[in-house]
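Beneath this line is the structure, given in structure tokens, with notes to follow.
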Amino acid sequence: MAGKKMKFGTKAIHAGLEPDPATGAVMTPIYQTSTYHQESPGNHKGYEYSRSSNPTRSALEKNLASLENGNYGVCFGSGVAAIDAILKLLKSGDEVLSTNDLYGGSYRIFTKIFAQFGIKFNFVDMSCMEDVEKHVTSATKLLWVETPTNPMMSIIDIKAASVIARKHELILAVDNTFASPYLQNPLDLGADIVMHSVTKYIGGHSDLVMGALITNNNELAEKLYFIQKVQVLYVVPKIVFWP
Ligand SMILES: Cc1ncc(COP(=O)(O)O)c(C=O)c1O
């Protein structure tokens with residue numbers, strides 16, 4: 001993975017960026033195109049259609065993956081769209097164990113959108129992980145941790161959550177928006193997926209809305225890229241750099 005050995009500041013500036021193959025530009029251009037030329041069907045330079053992937057978004061995805069010590073970054077048009085993609089890993093009858101203190105928009109998408117498709121959400125106090133384990137059932141598939149929480153700034157022990165996740169074969173997803181990758185790297189603590197509202201600290205200047213998922217798990221990455229391809233919708237309008 002590009003940039004794994006670099007320090008944080010160097011990664012923020014350089015990770016994922018290669019000189020533009022067409023011109024040699026050292027800063028990745030914004031490719032304002034929906035479609036890419038193919039010499040013959042399927043014979044192209046790695047890009048076909050900008051929803052599936054495009055060089056600008058790929059550079060951002062590699063950069064954010066590097067900041068979270070992950071192998072794969074998957075970007076979306078908002079933090080909520082990134083959460084939506086994680087929930088699409090599930091199916092009707094599956095259960096989610098979530099912290100009971102979390103961003104209102106996450107609660108809204110859980111209870112008002114995905115609950116109506118037969119996914120069950122249990123909201124529990126995650127200050128004591130031993131208590132959390134009592135709520136795991138045979139249908140539980142996802143452990144949803146937000147730490148620090150918005151708005152209460154409660155802290156959840158990600159390492160302890162990962163022990164439960166491994167034991168019960170759950171996906172551990174951590175909303176790391178409020179800590180930012182500068183202060184906390186959930187993959188290093190055993191999480192399977194890190195989620196960011198890039199809109200917040202990573203964006204840094206209140207001038208964009210964006211979401212990101214980062215993982216080291218090949219199988220999850222493949223599924224998330226597929227969900228991104230069928231769902232989202234976004235040519236990143238600018239590359240964000242750590243302020
Ligand atoms: C902790 C947290 N997660 C997710 C989101 C949703 O992100 P977005 O507003 O980019 O859709 C927010 C937004 O405030 C948030 O604070």
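Using Cα atoms only, what is the angle between the long axis of helix 218-231 and the major principal axis of the chain, expressed in degrees (0 to 90) to the nearest 10?
With both axes taken from Cα atoms, the answer is about 70 degrees.
Any chance you could give the angle, 0 to 90 degrees and rounded to 10, that helix 158-168 forms with the longest Cα principal axis of the chain?
80
Just subtract the alpha-carbon distance of Arg166 and Ile13 from 0.36 nm times their residue separation and send over the number in nm, one decimal.
Details: separation 153, 0.36 × 153 = 55.08 nm, distance 3.41 nm.
Length gained between Arg166 and Ile13: 51.7 nm.
Note down the relative contact order for the chain as a percent, whole number, built from C-alpha pairs under 8 angstrom at least six residues apart.
On the way: 454 pairs, mean separation 58.8, N = 243.
Rounded, it is 24 percent for the chain.
Among the DSSP beta bridges whose two residues both lie in the chain, what percent are antiparallel, rounded to the nearest 5?
Details: 12 of 29 bridges.
Antiparallel: roughly 40 percent of the beta bridges in the chain.
Straight distance only, please: which aspartates and glutamates reach the Cα of Lys167 with their own Cα at less than 13 Å, same-chain residues fewer than 8 apart left out?
Cα-Cα hits under 13 Å: Glu130, Glu133.
For helix 55-67, what angle does its Cα long axis make with the longest principal axis of the chain, in degrees from 0 to 90 and rounded to 10?
50
Straight-line reach only, C-alpha to C-alpha below 24 angstrom: list the lysines that Lys5 could link to, leaving out same-chain residues fewer than 8 apart.
Within the straight-line cut-off, Lys5 pairs with Lys62, Lys159.
Run the paramagnetic zone check for Ile113: 7 angstrom along Cα to Cβ, then residues of the stretch 175-199 with backbone nitrogen under 17 Å.
Counting backbone N atoms under 17 Å from the label point, the list is 175, 195-199.
Out of the stretch 88-177, which trypsin sites (Lys or Arg not before Pro) are coil in DSSP terms and have no more than 11 other C-beta atoms within 10 Å? Walk me through the intermediate numbers first.
On the way: sites: Lys88, Lys91, Arg108, Lys112, Lys120, Lys134, Lys141, Lys159, Arg166, Lys167; in loops: Lys88, Lys91, Lys134.
Taking the stretch 88-177 and a limit of 11 other Cβ atoms within 10 Å, the loop trypsin sites (Lys or Arg not before Pro) found are Lys91, Lys134.
From the phi of every residue in the stretch 30-46, what ³J(HN,Hα) in whole Hz does the Karplus formula 6.51 cos²θ - 1.76 cosθ + 1.60 yield, where θ is phi - 60° and glycine or proline is x?
Karplus values, whole Hz, x for Gly and Pro: 7, 8, 8, 9, 8, 10, 10, 5, 10, 4, 8, x, x, 9, 9, 9, x.
For Lys88, go through the lysines and keep the ones whose alpha-carbon is under 20 Å away, minus same-chain ones fewer than eight residues off.
Lys112, Lys120, Lys141, Lys223, Lys229
Taking amide H positions as placed in the peptide plane 1.01 Å from N, state which residues far from Asn71 in sequence (5 or more) or on other chains have amide H under 5 Å from it.
Long-range HN contacts for Asn71: Thr215, Asn216.
We did not get these values from a lab; they are worked out from the coordinates using the rules stated. What you see is a predicted model, and the numbers here were worked out from it, not measured in a lab. Glycine gets a Cβ as well: all are built from the backbone with ideal geometry, and neighbour counts include every protein chain shown.
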